[in-house]
Every structure is written in C-alpha cells, then in structure tokens.
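Visitor: Please read through the structure below; I'll follow up with questions.
The values are calculated or read from the model by the stated rules, or taken from the named source; none is laboratory data. Keep in mind that what you see is a predicted model, and the values were worked out from it rather than measured. Cβ placement follows ideal geometry from the backbone for every residue including glycine, while neighbour counts extend to all protein chains displayed. Accessible surface is based on the protein model in full, side chains and every heavy atom, while ligands, DNA and RNA are left aside. Shrake-Rupley method; radii C 1.70, N 1.55, O 1.52, S 1.80 Å.
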Amino acid sequence: MTNRREFLPVPPASVIRKLPAMGNLMITAKRNGATHERIGPVERVSMEDGWLVCSGAAHNSRIDPTEITTMIVDRTSIMQEQVYPRIDFRSGDVVLFSVVGFAGIEPFDAALAEFGPGDALPEEPKEPREKREEAVLDDAGAVPLTKALEAGTKVTIGFWRKGFEQEWTGVIESVKPAMGFINVMRPDFHLHLLGGTVGGWKEGAALDTEDKPTGLWLETGKA
C-alpha cells in the first residue's frame, strides 16, 4: 500500500541509494531564481568524504545526507496519463533538492517498497501559476550563457547550496527566454533562470542584485 502523499521516516541515505533502481529521473534544485536539473538514469551512488555522490552519463550530484531532516513523497503529479512521482528532500522548511521519476510509478514504487508505506499527508492544493514579466536575452543572467553559445565550446554550469551541489558539462545549443525564465535545454540538463534575479557575474559566479553569490556558477573555456 502506498499513499498519494506521505512522510517517509527512514534514513535519507538509504533512499538516495535506491535512485539507480528508479530508471530515468530528474534531480532538481532551486535557489535564488535558478533551477538546475539533471535528467537521466543514476548509474552509481557512492560515498566520498561523508557525501553521497550520484553519478553517471547524465548525473553529477553531491549530497550531504546530514543536512536532510525530512523526506516527502508525492505521487499526485499526473501529465498525459503518466504519473511523475516526486521526493522532496528537505532541510528544515526548505526543499534542499527533489527527485522526480520520469519512468513512471512502477519502478519508483518498487525501489521504495522495502521501506513500506510512510505516514500519510494531505494533498497540497494546486497553486495558480503566477504571472511573470518576460525575460530578455540582454538580461545580466543570460550574458555569459549567450557568449558560450556563440563560442560553441564546452562549459560547466554548476549549482551550489549548503548540503547539495550539482554540475553539468557540455555545449550550450540554445539560450531561450520563455515564461519569465532564461532557459538552457539539453536532453540531460535544464537550466531555468528567472529573469532579473542576476545582477552580474564575478569570476564565473552569478551574483544577485545586491552583489551576493546566488549559488549558480559557470566555467567556460572547456576543451
């Protein structure tokens, strides 16, 4: 038996180690207007210096399990008759990162089956999508992304927050404003950067409008 939404009271590391069994999935985190998403199967989960490392051709994430205080499983997202189950790994009241199953509910539930049903939670009401001003390509956040697109060289786009780090390395093929965000889309990686949230860049780090690091960074000139 499973719940549509539940609190999962088991050690976070044991759940993270089950990610390779879920098949195609997305690991996503957001902070200060940036949403950083890696998409594909997690091939390995290993331990390095106390951090869990999710790796493979489509993943490069580092997670400090001691920062995770609760895990909430949500099976209520359905699009075109497919369920996209989600686990929110929370640190206090903040979602540190989330995992979304792209292979359907069966492998997701099978991977979590040994933990049994969690504690049922009420379903959250669907919030209406807020209206945003359209992002533009001369937005400060888009400038180095557009330069990397024009150069055609490999870059690394990284994301950091306390207890979670994630990177993608590849060639940017497009930088498109849509729905208020500046978007970089690849099969194994999405970046959605809310327009107006980056005031500038310093040594590859995105700064907010008060010159504070946002957690997003970009390294150019990859071979």
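Visitor: Whether any residue in the stretch 188-210 is assigned to a loop (DSSP other than H, G, I, E, B) and in contact with a Phe, Trp or Tyr (Cβ under 6 Å, 6 or more places away or on another chain) is what I want to check.
Guide: Within the stretch 188-210, one or more residues are assigned to a loop (DSSP other than H, G, I, E, B) and in contact with a Phe, Trp or Tyr (Cβ under 6 Å, 6 or more places away or on another chain).
Visitor: Collect the residues in the stretch 142-171 that are in a loop (DSSP other than H, G, I, E, B) and under 18 Å from the mean Cα position of the chain (by Cα), keeping them in residue-number order.
Guide: 162, 163
Visitor: Here is a follow-up. Tell me yes or no: at least one residue of the stretch 87-102 is in contact (Cβ under 8 Å) with a residue 60 or more places away in the chain, hydroxyl-bearing (Ser, Thr, Tyr) and closer than 29 Å to residue 206 by Cβ.
Guide: Checked against the condition, which is being in contact (Cβ under 8 Å) with a residue 60 or more places away in the chain, hydroxyl-bearing (Ser, Thr, Tyr) and closer than 29 Å to residue 206 by Cβ, the stretch 87-102 yields at least one hit.
Visitor: Something else: Given (1) closer than 18 Å to residue 101 by Cβ; (2) free of Cβ contacts under 8 Å to residues at least 40 places away in the same chain, identify the lone condition not met by residue 47.
Guide: Single failed check for residue 47: (1).
Visitor: Additional query: Would you check which residues across the stretch 165-200 are within 18 Å of residue 149 (Cβ to Cβ) and open to solvent by 70 Å² or more (accessible area, probe 1.4 Å) and list them? Lay out the reasoning, then the answer.
Guide: Taking the stretch 165-200 first, the residues within 18 Å of residue 149 (Cβ to Cβ) are 168-178, 181-193, 195, 198.
Hits for the stretch 165-200 are 169, 173, 176, 185, 187.
Quick grid of which residues meet (1) more than 24 Å from residue 41 (Cβ to Cβ); (2) in contact with a strand residue (DSSP E or B) (Cβ under 7 Å, 6 or more places away or on another chain); (3) open to solvent by 70 Å² or more (accessible area, probe 1.4 Å):
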{"residue": "73", "(1), (2), (3)": "no, yes, no"}
{"residue": "82", "(1), (2), (3)": "no, no, no"}
{"residue": "92", "(1), (2), (3)": "yes, no, no"}
{"residue": "111", "(1), (2), (3)": "no, no, no"}
{"residue": "123", "(1), (2), (3)": "yes, yes, yes"}
{"residue": "127", "(1), (2), (3)": "yes, no, yes"}
{"residue": "130", "(1), (2), (3)": "yes, no, yes"}
{"residue": "136", "(1), (2), (3)": "yes, yes, yes"}
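Visitor: Take residue 45 and tell me if it is touching a helix residue (DSSP H, G or I) at 6+ places or on another chain (Cβ under 8 Å), among the β-branched types (Val, Ile, Thr) and surrounded by fewer than 20 Cβ atoms within 10 Å (Cβ to Cβ).
Guide: yes
Visitor: Kindly indicate which of 127, 173, 134, 165 is charged (D, E, K, R), in contact (Cβ under 8 Å) with a residue 24 or more places away in the chain and closer than 30 Å to residue 70 by Cβ.
Guide: 165
Visitor: Filter the stretch 48-71 for residues that are open to solvent by 20 Å² or more (accessible area, probe 1.4 Å) and of a type in the set (A, V, I, L, M, F, W, C); which is farthest from residue 118 (Cα to Cα)?
Guide: Filtering the stretch 48-71 for residues that are open to solvent by 20 Å² or more (accessible area, probe 1.4 Å) and of a type in the set (A, V, I, L, M, F, W, C), the one farthest from residue 118 (Cα to Cα) comes out as 57.
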